[in-house]
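Student: What follows is a structure written as structure tokens; I'll ask about it next.
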Amino acid sequence: VEQRILGRTGRQVGVIGLGAWQLGADWGEVAEDDALATLAAAVDAGVNFIDTADVYGDGRSERLIGSFLRQRPDAGLTVATKMGRRVAQDPAHYTLDNFRAWTDRSRENLGVPTLDLVQLHCPPTPVYSIDRVFDDLDTLIQEGRIASYGVSVETCAEALTAIARPGVATVQIILNMLRLKPLDEVLPAARAAGVGIIARVPLASGLLSGRYDEHTTFPENDHRNYNRHGEAFDVGETFSGVDFATGLAVVRRLVPLVPAGVTTAQLALRWIVDQPGVSVVIPGARSPEQARSNAEAADWDPLSPVELATVRQTYDELIRPLVHDRW
Ligand SMILES: NC(=O)c1ccc[n+]([C@@H]2O[C@H](COP(=O)([O-])OP(=O)(O)OC[C@H]3O[C@@H](n4cnc5c(N)ncnc54)[C@H](OP(=O)(O)O)[C@@H]3O)[C@@H](O)[C@H]2O)c1
């Protein structure tokens with residue numbers, strides 16, 4: 001797996017990582033053994049970057065990763081976690097005392113003295129403009145609680161505000177074939193500033209795997225069932241904010257591009273890997289097979305100019321009017 005520098009963390013990470021939201025099992029089921037097997041499969045396939053959060057399964061995802069780190073202390077992993085969404089979303093909660101308590105809990109869950117990277121977890125927009133918040137994050141570094149910090153954002157505007165802060169090492173943002181807006185300004189700005197880009201929801205919650213059709217259903221406790229209209233959190237996190245029927249129409253146009261021997265999911269990941277400025281892509285694998293297949297995407301050829309043009313044209317015709325001005 002190709003290695004890239006993860007922004008101002010200065011660390012080298014493989015360009016395909018692993019998202020670990022699903023390992024929290026607060027949407028859909030992932031048994032503990034399956035979660036550990038998925039982590040092992042990813043790492044054995046060359047993955048060395050894992051993204052989690054304190055809120056995923058209220059710590060379950062972090063604790064499973066912690067167990068894995070104890071099993072494989074020499075795996076050379078970089079683990080990014082997030083904080084801030086275990087309390088009501090109020091800028092007043094973004095205090096040094098809370099940061100200390102939240103990172104201490106994550107250090108304990110992960111079993112590490114210093115967190116490699118902690119990200120503010122899609123905080124309320126005003127938080128990006130509070131200088132004191134970023135001073136407090138600098139304090140966490142001085143105290144040895146964290147090595148670096150970044151932000152996970154909902155909008156391109158939030159990303160640009162964060163990139164302008166000198167201490168922000170990384171920005172995590174939705175980027176996939178249904179979410180092209182970050183290519184306009186965010187990726188160029190991040191490259192110019194040396195800020196890492198962590199591309200999340202790369203398969204548009206699985207839509208871009210090409211496995212779903214009009215008859216596909218999701219379990220009751222799966223956000224792809226209960227958050228289709230943003231009932232629980234930002235609707236952009238579910239199918240990238242695209243309604244399911246339109247998403248299927250897009251995938252039907254993209255499937256003919258998929259070369260023999262490659263899966264639709266691998267093509268979707270490869271497309272993100274090739275966007276200048278991307279540091280790491282974090283698909284959420286639910287099984288060892290998915291983890292292995294995702295890691296392989298880093299080895300495929302880049303998309304041809306014709307394929308790239310089809311992705312752009314499909315976006316412009318079907319998706320841009322729905323989402324481009326939203327995030
Ligand atoms: N606010 C935030 O900061 C935030 C929000 C969302 C996500 N994230 C991060 O981003 C990561 C990824 O997001 P995500 O899991 O929501 O979306 P995603 O990676 O776009 O989609 C994950 C889904 O894609 C399917 N899939 C994965 N690998 C596959 C493969 N090889 N072949 C076929 N299907 C495959 C699985 O669907 P099935 O379940 O149908 O098998 C899986 O549940 C999360 O784990 C988390 O780390 C962060």
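The values are calculated or read from the model by the stated rules, or taken from the named source; none is laboratory data. This is a predicted model, so every value here is computed, not measured. Note that we place each Cβ from the backbone using ideal geometry, even for glycine, and neighbour counts take in every protein chain shown. Side chains included, ligands, DNA and RNA excluded: accessible areas come from the protein's heavy atoms. Shrake-Rupley method; radii C 1.70, N 1.55, O 1.52, S 1.80 Å.
Student: Just want to confirm a number: the relative contact order over the chain, from Cα pairs under 8 angstrom separated by 6+ residues, in percent. List each step's numbers first, then the result.
Tutor: Values: 638 pairs, mean separation 73.9, N = 327.
The normalised contact order for the chain reaches 23 percent.
Student: Continuing with this model, one more query. Of Thr264, Thr170, Thr139, which is the most mobile in a GNM of the chain whose springs link Cα atoms less than 10 angstrom apart?
Tutor: With Cα springs under 10 Å in the chain, the top fluctuation among Thr264, Thr170, Thr139 is at Thr139.
Student: Suppose only helical runs count, i.e. DSSP H with n ≥ 4. What mean residue ellipticity at 222 nm does that imply for the chain under -39500 (n - 2.57) per run, divided by all residues and rounded to the nearest 500 deg cm²/dmol? Write down the numbers at each step before the final one.
Tutor: Working: 12 runs with 116 residues, N = 327.
That comes out to -10500 deg cm²/dmol.
Student: Next question, about the same structure. Assigning unit charges at the beta carbon (Lys, Arg +1; Asp, Glu -1) and nothing else, what dipole magnitude in debye, to the nearest 20, does the chain show about its Cα centre? Before the final figure, lay out each step's value.
Tutor: Values: 31 positive and 43 negative charges, 90 e Å.
It works out to roughly 440 debye.
Student: Can you list which of the trypsin sites (Lys or Arg not before Pro) found in the range 202-250 are DSSP loop residues with at most 15 other C-beta atoms within 10 Å? Can you show the working numbers first?
Tutor: On the way: sites: Arg211, Arg224, Arg228; in loops: Arg211, Arg228.
Taking the range 202-250 and a limit of 15 other Cβ atoms within 10 Å, the loop trypsin sites (Lys or Arg not before Pro) found are Arg211, Arg228.
Student: What shape does the range 174-327 take by its C-alpha gyration tensor, where a ≥ b ≥ c are the square roots of the eigenvalues and a/c under 1.5 counts as rounded, a/b above b/c as prolate, and the rest as oblate? It would help to have the intermediate numbers written out before the result.
Tutor: On the way: a/c = 1.33, a/b = 1.15, b/c = 1.15.
The shape class here is rounded.
Student: Next question. According to the square roots a ≥ b ≥ c of the eigenvalues of the Cα gyration tensor, what is the shape class of the range 63-108, taking rounded for a/c under 1.5, prolate for a/b larger than b/c otherwise, and oblate for the remainder? Walk me through the numbers before you get to the answer.
Tutor: On the way: a/c = 3.13, a/b = 2.92, b/c = 1.07.
Because a/c hits 1.5 or more and a/b exceeds b/c, the range 63-108 counts as prolate.
Student: Mind checking the per residue accessible area of the chain for me, 1.4 Å probe, whole number of Å²?
Tutor: Values: 12820 Å² over 327 residues.
Each residue of the chain exposes 39 Å² on average to a 1.4 Å probe.
Student: Scan around Gly196 for amide H atoms under 5 Å from its own, H built in the peptide plane at 1.01 Å from N, and keep only partners 5 or more places away or cross-chain.
Tutor: Answer set, sorted by chain and number: Gly7, Arg8, Thr9, Thr170, Val171.
Student: Within 13 Å, Cβ to Cβ, of Gly76, how many net charges do the neighbouring residues add up to if Lys/Arg are +1 and Asp/Glu are -1?
Tutor: Net charge around Gly76: -1.
Student: May I ask you to give the percent of accessible area on the chain that is carbon plus sulfur, with a probe radius of 1.4 Å?
Tutor: Working: 6430 of 12820 Å².
That fraction is 50 percent.
Student: Rounded, prolate or oblate: which one fits the range 55-213, using the alpha carbon gyration tensor with axes a ≥ b ≥ c (rounded when a/c is under 1.5, else prolate when a/b beats b/c, else oblate)? Write out the running numbers ahead of the final one.
Tutor: Details: a/c = 1.59, a/b = 1.12, b/c = 1.43.
Oblate, since a/c reaches 1.5 and b/c is not below a/b.
Student: HN-Hα J couplings of the range 135-151 from phi, Karplus 6.51/-1.76/1.60, θ = phi - 60°, integer Hz, Gly and Pro as x?
Tutor: In residue order, the calculated couplings are 4, 5, 5, 4, 4, 4, 5, 4, 6, x, 6, 9, 8, 8, 9, x, 9 Hz.
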